[in-house]
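Report on the structure given below.
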Amino acid sequence: MRPRTARRELFLSLYAPIRPVNALGHVVGKRLRRLGVTIAHYGPHCLRHACATHLLAEGLSLKQIGDQLGHVDPATSLIYAKVDMVGLRQVANFDLGGLV
């Protein structure tokens, strides 16, 4: 059985009202909606997804992305391996120049 660890919270301010970091979800969601971003779920986790997707598009490996996001298990980073439809269309439209 694993020993229980103390619960740790990160606070956004030194001054009252002190709110835990999960209050950040409201701030992020409100800003994304104001910008007109339409996504399934609003909140700080969508920023992690955006970061990981950007890093994947830049050519970083899933291992490197997992290291950046603090994943212990590299398989956790697989949730960010989405199909890049724009890139896939570029490959599909590639002219083989009569090689086939």
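The values are calculated or read from the model by the stated rules, or taken from the named source; none is laboratory data. For clarity, every value in this text was computed on a predicted model and none was experimentally measured. Virtual Cβ from ideal backbone geometry, glycine too; neighbours counted across all protein chains shown.
A few notes on this one:
- Here Ser13 clears all of (1) at pLDDT 65 or above; (2) part of a loop (DSSP other than H, G, I, E, B) except the condition numbered (1).
- Consider segment 28-54 and keep the residues that are touching a residue at least 12 places away in the same chain (Cβ under 8 Å) and of a type in the set (Val, Ile, Thr). The one that is farthest from Tyr80 (Cα to Cα) is Val28.
- All positions within segment 55-77 that are surrounded by 13 or more Cβ atoms within 10 Å (Cβ to Cβ) and either closer than 21 Å to Val28 by Cα or without any contact (Cβ under 8 Å) to a residue 24 or more places away in the chain (or both): Leu55, Leu60, Leu62, Gln64, Ile65, Gly66, Asp67, Gln68, Leu69, His71, Pro74, Thr76
- Restricting segment 63-100 to residues that are outside any helix (DSSP H, G or I) and small (Gly, Ala, Ser) leaves a set whose member that is modelled with the lowest pLDDT is Gly98.
- Residues in segment 29-43 that are part of a helix (DSSP H, G or I) and surrounded by 14 or more Cβ atoms within 10 Å (Cβ to Cβ): 2 in all.
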